[in-house]
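If you scroll down you'll find the structure; I have some questions about it.
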Amino acid sequence: MQDPPSFVFDGRHGKGVKLIHRCEGDGGKTSRFTYTPAFARQRKSADNRTILTGLANGTGFNDIIRIITAARGRGISVQRLYDRIFWMERVLLAYEQAQLFEWRRRTEVGSAAKRHVIAHDTLDLLVNWETSEDTRNTVVQAHASADVESGFIFRLDCTFDGDVDPLKFFEEKISPRGGVRLSKIYRQKSGRTFRRPLMSFQRPTARFHEHLFYASALHQIAIFREREVRTIVDPDRRAHLMEMANRKYARVRRIYREYYNIKRSERDYRSPFQGAIISSVYSLAAHFAALREELGPGDYTLYTDANGTLVRFLPLIFRREIELDKFRWIVTHLPEKNLSKGERGQRVNQYRKRFRDWFRSKGLTGRMLDHRKAFIADAMVEEKSISTSFGGPGYASARWFSSPVSTFYEPAKIVGIAMGPKWFRDYAKREGDVLDILPASSPSAHERMEERRLRAFVSGALDTATLQPVDTFFNSIRARLSPTDRSSHGGGSMSGTYIQGNLFNPRVLVALLNIYRVHYNFLELRQFETDTIEKAEAMESAPMRRRMARVPWSDERVEAFSPQRAKIVKLTPAMRHGIHQVRPGEEPKAPDIIHVLSQPWEVYGTRLYEKLTEKRTDLRRRQKQSTQGAVNHPENTPHYVGDDR
């Protein structure tokens, strides 16, 4: 289906469409076949709602099978459940692309330059070991970027590539038998040349975690020798395969240990799941490169944690925006992020009290939110750099400040402006406090204006700096996806413990994360709380309601005021982002799960999609009403799938 013009429609066949394919390289022969969507071939498509709802609400695989068994008297196998999971991943990802395509087509016509405000963070997930010999959990990182204003998750990329077979990759890209060079000729300044093995960033495995990659390849051979070779009936064939396995094992180990001289690590013993763990640096760079390509040109404001590896590639990925002075990079550090919920709420209440006292002392009126930047400008303090990574070349203008506000339930924030506008970088390169730019005596009007401009920019950066949208998504994953439970350490445990209900294969974990992200963005109405002051003001402005309160020592009821409550607005992130539109006065309603899963989204945008989704017409009734008959009806006239008529 990659070349729609090469297919011709030939009517309907049941729930599918009959197609004719023209084979150009085979004497002009044609082949006929029927394309039927996968959901139309499922015996019990009603189980899809149960499976998707269960996966998105923390239900284990065994519990999902029990629920389906109790509902229809007959269960499904574990293999069929896995097949449905991978099928749902494909359908939901195609559904997401279809919705984004329509949104871009609707918004790009006559629109001005886009402004993107993005929050990014990383989540560490664990995968169980498969054998008792390997009692170490594999860490799979998930990189997510979200829109700050709507909470829409743009991308979620994991440090795992399930399409890579380590042993096959070794034979094609690394093994000397494949004609691949394992060394390179280097030249010194004196003109002397010498040959040495490729360095880590020059190897074909540079993007992989090399310890896990080579260990997985070795374990694939070892398990084949121990389990499969012994069961071969033909003794000659068995001896030949055993000899080949020994040679391949020795070759992988020799290149791994002796030629590249990769140091031993505790991660050398790893279960042989299919796929490869990607290095965190490569996956982060690929994540931001794909995000930049997906969103396109525009003004970017990026909020991240204090990850020092980002300084290597962010200026390269957003080079065009930096040259046009359209890129801002704000780093958020939470030194007290492990506070309990009660302590966090106490810090937030202290911030609200300081803000209210300042508001009253200034004699201000109106909404407190309108004066929050002025409060930040009065109370912010410059701090020392929290990381040496932001002090190298190109980051001499990075400045750090302690935020006096606890917005987004993030108390005691330290905010670093790693890359601001060009005029700010010129000021920040000076020695001393960047906020103290006024001379000691008789500052000019221009100097006062520049000082106000500087404080307004810094206070605005501290006011909006947050990781709350992406962290809310991560907290939801932890709470509602059972395979993402954390590993704990028992009293006599020296390593990570086995997580009951967790997964063995990272590919299944990636599929569940993709399913949950689309469900989070499009299929579930959620409350999106941003600032505590905004919530408090909304409660104060809410209308007072009355209720009847009962006197406890008698049957008397008296009229009393009900506690003020702000109206809870629940929308999907796609609705807040403008992808799905809600008419004024209309109650928001999430898309129906069955309708989403029963559409051929994988062929969206083609004539085949229109053919599969059009309303069926009774041709016999139309033949009676038409004088031309059904022969000349367009329904029976072959046309190309890619034809736009």
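The values are calculated or read from the model by the stated rules, or taken from the named source; none is laboratory data. For clarity, every value in this text was computed on a predicted model and none was experimentally measured. Cβ: placed from backbone, ideal geometry, glycine included. Neighbour counts: every protein chain shown. The area values use the complete protein model at the heavy-atom level, side chains included, leaving out ligands, DNA and RNA. Shrake-Rupley method; radii C 1.70, N 1.55, O 1.52, S 1.80 Å.
With the requirement that a residue be charged (D, E, K, R) and closer than 18 Å to residue 468 by Cα, what does region 329-369 give you?
Here is the first cut: in region 329-369, the residues charged (D, E, K, R) are 336-337, 341, 343-344, 347, 352-354, 356-357, 360, 362, 367.
Hits for region 329-369 are 336, 337, 341, 343, 344, 347.
Which of (1) among the polar types (S, T, N, Q); (2) open to solvent by less than 40 Å² (accessible area, probe 1.4 Å); (3) without any contact (Cβ under 8 Å) to a residue 24 or more places away in the chain is the odd one out, the single condition residue 349 does not satisfy?
Result: residue 349 passes all but (2).
Continuing with the same structure: Of the residues that sit in region 479-528 and are closer than 29 Å to residue 149 by Cβ and open to solvent by 50 Å² or more (accessible area, probe 1.4 Å), which one is modelled with the highest pLDDT?
It comes out as 525.
Still on this structure, please answer the following. Which condition from (1) surrounded by 16 or more Cβ atoms within 10 Å (Cβ to Cβ); (2) outside any loop (DSSP other than H, G, I, E, B); (3) at pLDDT below 90 is the one that residue 271 breaks?
Failed condition: (2).
How do the pairs read when you match residues in region 139-162 that are open to solvent by less than 30 Å² (accessible area, probe 1.4 Å) and basic (Lys, Arg) with residues anywhere that are part of a strand (DSSP E or B) and modelled with pLDDT of 90 or more, using Cβ under 8 Å and keeping only pairs 6 or more apart or on different chains?
Within 8 Å, no pair qualifies.
Take the residues in region 194-206 that are in a strand (DSSP E or B) and open to solvent by 70 Å² or more (accessible area, probe 1.4 Å); name whichever of them is farthest from residue 159 (Cα to Cα). I'd like the intermediate steps shown before the answer.
Of region 194-206, the ones in a strand (DSSP E or B) are 194-197.
Next, from what is left, pick out any that are open to solvent by 70 Å² or more (accessible area, probe 1.4 Å): 195-196.
Numbers: 195: 33, 196: 30 Å.
Per the stated criteria, the residue is 195.
Could you tell me whether any residue of region 241-264 is modelled with pLDDT of 85 or more, buried (at least 16 other Cβ atoms within 10 Å of the Cβ) and among the charged types (D, E, K, R)?
Within region 241-264, one or more residues are modelled with pLDDT of 85 or more, buried (at least 16 other Cβ atoms within 10 Å of the Cβ) and among the charged types (D, E, K, R).
Given the structure, is residue 367 open to solvent by less than 70 Å² (accessible area, probe 1.4 Å), among the basic types (Lys, Arg), over 18 Å from residue 331 (Cα atoms) and in contact (Cβ under 8 Å) with a residue 12 or more places away in the chain?
no
Please go through (1) touching a helix residue (DSSP H, G or I) at 6+ places or on another chain (Cβ under 9 Å); (2) assigned to a helix (DSSP H, G or I); (3) open to solvent by 10 Å² or more (accessible area, probe 1.4 Å); (4) over 18 Å from residue 379 (Cα atoms) for residue 426 and return the number of the only condition it doesn't satisfy.
Residue 426 satisfies all of (1) touching a helix residue (DSSP H, G or I) at 6+ places or on another chain (Cβ under 9 Å); (2) assigned to a helix (DSSP H, G or I); (3) open to solvent by 10 Å² or more (accessible area, probe 1.4 Å); (4) over 18 Å from residue 379 (Cα atoms) except (1).
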